[in-house]
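S.K.: Quick one: structure below, then a few questions.
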């Protein structure tokens, strides 16, 4: 993918209303040489409750070859929550919905 990437990886992170200003990207890799474009947006359908914080992550990896496989993994920071993995291909949006720990949700 490094030699076939054509632009930055697009990431859209959807969070419950009121949480969009509390989200930041802590660490990244080189994004196949182009880096990342990150957007954090509010989604009124997602919830922040004592059970945890709902998030929806969408990713698009642009490449000259659309048959390249892409895996999107949402990794909870705390234990007890499951890793969410979605699979797709370059040049298509891939989505993964996850519930983060209640601590991440500010409880």
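The values are calculated or read from the model by the stated rules, or taken from the named source; none is laboratory data. Everything numeric in this text was worked out from a predicted model, so none of it was measured. Neighbour counts run over all protein chains shown; Cβ positions are idealised from the backbone, glycine included.
S.K.: Applying the selection to segment 71-88, what residues are at pLDDT 95 or above and under 20 Å from residue 33 (Cβ atoms)?
M.R.: Those that are at pLDDT 95 or above and under 20 Å from residue 33 (Cβ atoms): none in segment 71-88.
S.K.: One residue is enough: does segment 55-64 have a residue meeting the conditions outside any strand (DSSP E or B) and without any contact (Cβ under 8 Å) to a residue 40 or more places away in the chain?
M.R.: Taking every residue of segment 55-64 in turn, none turns out to be outside any strand (DSSP E or B) and without any contact (Cβ under 8 Å) to a residue 40 or more places away in the chain.
S.K.: I'm trying to understand the selection: among the residues of segment 89-99, which are surrounded by 17 or more Cβ atoms within 10 Å (Cβ to Cβ), assigned to a strand (DSSP E or B) and modelled with pLDDT of 95 or more?
M.R.: 94
S.K.: Given the structure, is residue 46 modelled with pLDDT of 90 or more, buried (at least 17 other Cβ atoms within 10 Å of the Cβ), assigned to a strand (DSSP E or B) and in contact with a strand residue (DSSP E or B) (Cβ under 9 Å, 6 or more places away or on another chain)?
M.R.: Taking the combined requirement at face value, the residue does not satisfy it.
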